[in-house]
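Chemist: Here it is, the structure, as structure tokens.
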Amino acid sequence: MSIIDLAPELSRPAKDRPPVFRHTHQAGIVVLAIWILTSVYLVAPEQQAVVTRFGAVVEPRVLPGIHLSLPWPIDSVTKLKVQQLQRLVVGGDIPDGVLGRTQPLQSQWITGDQNIINMRVVVQYSVSVPADYLFQSQDVARAVGAAVESEMARRIATRNVDAVLTTEKAAIQEEVRAASQKRINDYRSGVLLSTINIESVTPPPEAADSFRDVASARADAVRIVNQAEGYANDVIPKARGEARQLIEESEAYKQKKTNEAGGDAARFTQLAGEYAKAAQVTGDRLYTEAMEQILPRIKKMIVDKNGNLDLTIIRKGDPPPSAPKK
């Protein structure tokens, strides 16, 4: 039956049409309504969407909100939670670590000094380019894990085991994140690396005791060095203070002697000038002053003009003998 044959029936009022025509018309309206409603879609605030038309991407990034597209099956809308962090473990799974099991082929790494360590790395990433995330990589998680594992092996191979176990963990994590992100961008995986965290790094069980001994010795060495530095910080300032004090005392003594010598020289010059003016008088005065300073410090014997020795000064504390009475 053609459209021309159905035209008379369709031209009749709906109540006068045969039941089959009424049901077909209602079903067509429902199908048309559903078909139109499929062109309206909502993208949640934490989502972004990709619109494909017959399998080809026509809108690679649709932001949150209400949008329109051609009805299905012409257009297809795929929504992704771009703000949700996804977790990936490199070097063994978390349940294995909880159960105390290790996977040697995945968790063992070799350092620059030819030591083997067991290490587990946790990667967190999110979707940055929805279209690339959906269509450029068949297995995004595997691509991310391979990139991180490759860059981590490269960085571990340039450092010794002590650096990996202690001081270089933060630097390694940041270097691996930056290098892995560049590699992932080259792959066009549509992923943004958030964090790379070395969750655990331990020596092999066979060498664990030796590593603990080395770590203990290193801790003792650090403690002894700190004690020595503390002692040096206590003694050196005192020694410097004492040296400074001695220098200042010597400078003061030098200045004192210089001033005394200068004063003596000036006095001698003055005396020489006076002596030149009156040699006899000045000589007698100098002689008298010298005797005033010398005589009180020596023992003296006095002889009178008759040549008799006055012995009264020898009897210390005894009065001189009185003259005999007539």
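Chemist: Yes or no: VAL281 open to solvent by 90 Å² or more (accessible area, probe 1.4 Å), of a type in the set (A, V, I, L, M) and either at pLDDT 90 or above or out of contact with any Asp or Glu (no Cβ under 7 Å at 6 or more places or on another chain) (or both)?
Modeler: Considered against the rule, which asks whether it is open to solvent by 90 Å² or more (accessible area, probe 1.4 Å), of a type in the set (A, V, I, L, M) and either at pLDDT 90 or above or out of contact with any Asp or Glu (no Cβ under 7 Å at 6 or more places or on another chain) (or both), VAL281 comes out as yes.
Chemist: Tell me which of these VAL31 doesn't satisfy, since it passes every other one: (1) at pLDDT 80 or above; (2) open to solvent by 50 Å² or more (accessible area, probe 1.4 Å); (3) over 30 Å from PRO203 (Cβ atoms).
Modeler: Single failed check for VAL31: (1).
Chemist: Next question, about the same structure. If the Cβ limit is 9 Å and pairs must be 6+ apart or interchain, which residue in the range 174-189 that is over 12 Å from VAL144 (Cβ atoms) pairs with which residue that is among the polar types (S, T, N, Q)?
Modeler: Short answer, once both residue conditions are applied: ALA179/SER150; ARG188/GLN136; ARG188/SER137.
Chemist: Tell me, which residue of the range 164-188 that is open to solvent by 20 Å² or more (accessible area, probe 1.4 Å) and within 16 Å of GLY112 (Cβ to Cβ) is farthest from the chain's Cα centre (by Cα)?
Modeler: Out of the qualifying residues, it is LEU165.
Chemist: For VAL122, indicate whether it is within 21 Å of GLN47 (Cβ to Cβ) and of a type in the set (A, V, I, L, M).
Modeler: No.
Chemist: Search the range 196-234 for residues being polar (S, T, N, Q) and either touching a Pro at 6+ places or on another chain (Cβ under 9 Å) or in a helix (DSSP H, G or I) (or both), and hand back the single one that is farthest from ALA171 (Cα to Cα).
Modeler: Checking each candidate, the answer is ASN233.
Chemist: What strands (runs of 3 or more DSSP E) completely inside the range 51-93 contain at least 1 residues that are among the charged types (D, E, K, R)?
Modeler: Ranges flagged: 56-62, 75-81, 86-90.
Chemist: All but one of (1) part of a helix (DSSP H, G or I); (2) open to solvent by 40 Å² or more (accessible area, probe 1.4 Å); (3) at pLDDT below 90 hold for GLU149, so report the exception by its number.
Modeler: If we test GLU149 against (1) part of a helix (DSSP H, G or I); (2) open to solvent by 40 Å² or more (accessible area, probe 1.4 Å); (3) at pLDDT below 90, just (3) comes out false.
Chemist: Evaluate the following for GLN138: is it farther than 30 Å from SER39 by Cα, of a type outside the set (Lys, Arg), at pLDDT below 90 and not in a strand (DSSP E or B)?
Modeler: no
The values are calculated or read from the model by the stated rules, or taken from the named source; none is laboratory data. Note that the coordinates shown come from a computational prediction; the quantities given were computed from them, not determined experimentally. Cβ sites come from the backbone with ideal geometry, for glycine too, and all protein chains shown count toward neighbours. These accessible areas exclude ligands, DNA and RNA; they are computed on the full protein's heavy atoms, side chains included. Shrake-Rupley method; radii C 1.70, N 1.55, O 1.52, S 1.80 Å.
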